[in-house]
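Below is one structure, written out as structure tokens, with a few remarks after it.
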Amino acid sequence: MQASAFFILSFLLLETLHIHPAVVIILFLMYGAVHFKLVGKMKKTRKSGEGAE
């Protein structure tokens with residue numbers, strides 16, 4: 001599901017809005033960096049919450 005959404009988003013950015021491919025790559029790298037940090041924090045919070053129950 002996420003892969004198809006990213007494909008559609010990148011296609012729209014590249015073809016419809018005529019954004020340079022390097023900008024699209026940088027945006028996806030920035031998203032990935034933020035996403036991994038958030039997932040790590042959520043996993044850490046879940047683990048600490050499991051022990052309290």
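The values are calculated or read from the model by the stated rules, or taken from the named source; none is laboratory data. Owing to the predicted nature of the structure, the values given are computational and were not obtained by experimental measurement. Every residue, glycine as well, gets a Cβ built from its backbone with ideal geometry; the counts of neighbours run over all protein chains shown. Heavy atoms of the whole protein, side chains included, go into the accessibility calculation; ligands, DNA and RNA do not. Shrake-Rupley method; radii C 1.70, N 1.55, O 1.52, S 1.80 Å.
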Solvent exposure of the chain as accessible area per residue, Å², 1.4 Å probe: 92 Å²
When a/c is below 1.5 the answer is rounded, else prolate if a/b is larger than b/c, else oblate, so apply that to the chain with a ≥ b ≥ c taken from the square roots of the Cα gyration tensor eigenvalues. prolate
Which value, in Å² rounded to 10, gives the accessible area of residue 42 with a 1.4 Å probe and all protein chains present? 110 Å²
Carbon plus sulfur, as percent of the 1.4 Å-probe accessible area of the chain, comes to 73 percent
Using the beta-carbon distance between residue 27 and residue 48 and R0 = 35 Å, what value does 1/(1 + (r/R0)^6) give for FRET efficiency, to the nearest 0.05? 0.60
